[in-house]
């Protein structure tokens, strides 16, 4: 039997909530509509998802913005705890990091200047110049094509859509969801070229150590709850008018 003083002490411990941690979430802040800045306010699908995860776990979310190409290095250097910037799960990344479950399902898409009838899909990129975001999975996808040595693959930090519209490159490649939104929002004369050519599953990566694994498990549990409650679908509908958080 416990003494009254011991029972009182245990009750006090139970009554005190766990102290909130701060989860440092890295993102570029320049990838509409996933993460972007408008009127000096960071916003987008990834921002809302990260905040919803923090509300679910009881943790504070600290957003850290930098160039997309620097995000992985920041994660490895422990300057951030995870990345929320449409990070695609690949075998190479799975070998290095611990991932949450996927929360976006999409496909790689070729985009051209409107009226460019020479490019009707990925098979027409031979002998042409194609822009991709530096450090993105789309660069790897292009390099993995059997005719990659016949494509002039150019890496960009930004302006890939603008340079395509101006004819400086023949096409660019990004995910279909973002491409569709970009074409809808921009005055640039752009259009989708063909169907998506590779499935994409986006998730949050964490360092492959004990701390990273524990945080990944906590975030993964929160994503499960957000899917079950419909909150994740609600956030998706807000930004895309459709539910991109589940596989077809």
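Computed from the coordinates by the stated procedures, all read-outs in this text should not be read as laboratory data. Given the structure is predicted, the values throughout are model-derived calculations rather than measurements. Because the Cβ atoms are built from the backbone with ideal geometry, glycine has one as well, and the counts that use them run over all protein chains shown.
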TODO: Note the full-extension length gain between residue 134 and residue 41 as 0.36 nm times their separation in residues minus their Cα-Cα distance, in nm to one decimal.
DONE: 31.0 nm
Open item on the list: Running a GNM on the chain with Cα contacts under 10 Å, which residue among 207, 176, 93 ends up with the highest mean-square fluctuation?
Closed with: 93
- [ ] Quick one: among 163, 81, 220, which has the greatest mean-square fluctuation in a GNM of the chain with alpha-carbon springs under 10 angstrom?
- [x] 163
Task: Largest to smallest principal axis extent of the C-alpha atoms in the chain, angstrom - done: 83, 35, 33
Task: Structure-based [θ]222 nm, the chain - -39500 (n - 2.57) summed over DSSP H runs of at least 4, per residue, nearest 500 - done: -10500 deg cm²/dmol
TODO: Report, as a whole number in µm² per second, the diffusion coefficient that Stokes-Einstein gives for region 105-200 at 37 °C and 0.692 mPa s using the Kirkwood radius over alpha carbon pairs.
DONE: 254 µm²/s
Task: Extension gain, residue 183 back to residue 95 (0.36 nm per residue minus Cα-Cα distance, nm) - done: 28.2 nm
- [ ] Treating the Cα atoms of region 52-141 as identical point scatterers in vacuum, please give the log10 of the normalised Debye intensity I(q)/I(0) at q = 0.16 Å⁻¹, two decimals.
- [x] -0.84
Task: Estimated distance in nm for a label pair at residue 201 and residue 157, the labels positioned 7 Å out from Cα along Cα-to-Cβ - done: 3.3 nm
- [ ] Using label points projected 7 Å from each Cα along Cα→Cβ, tell me how many nm separate residue 143 and residue 238, to one decimal.
- [x] 3.6 nm
Open item on the list: For the pair residue 168/residue 247, report the inter-label distance in nm, with labels modelled 7 Å from Cα in the Cβ direction.
Closed with: 3.9 nm
- [ ] Provide the gained length on full extension for the span residue 105 to residue 213, in nm with one decimal, where the gain is 0.36 nm per separating residue minus the Cα-Cα distance.
- [x] 36.6 nm
Open item on the list: Neighbour counts of other C-beta atoms within 10 Å: give me 119, 130 arranged from fewest to most.
Closed with: 119, 130
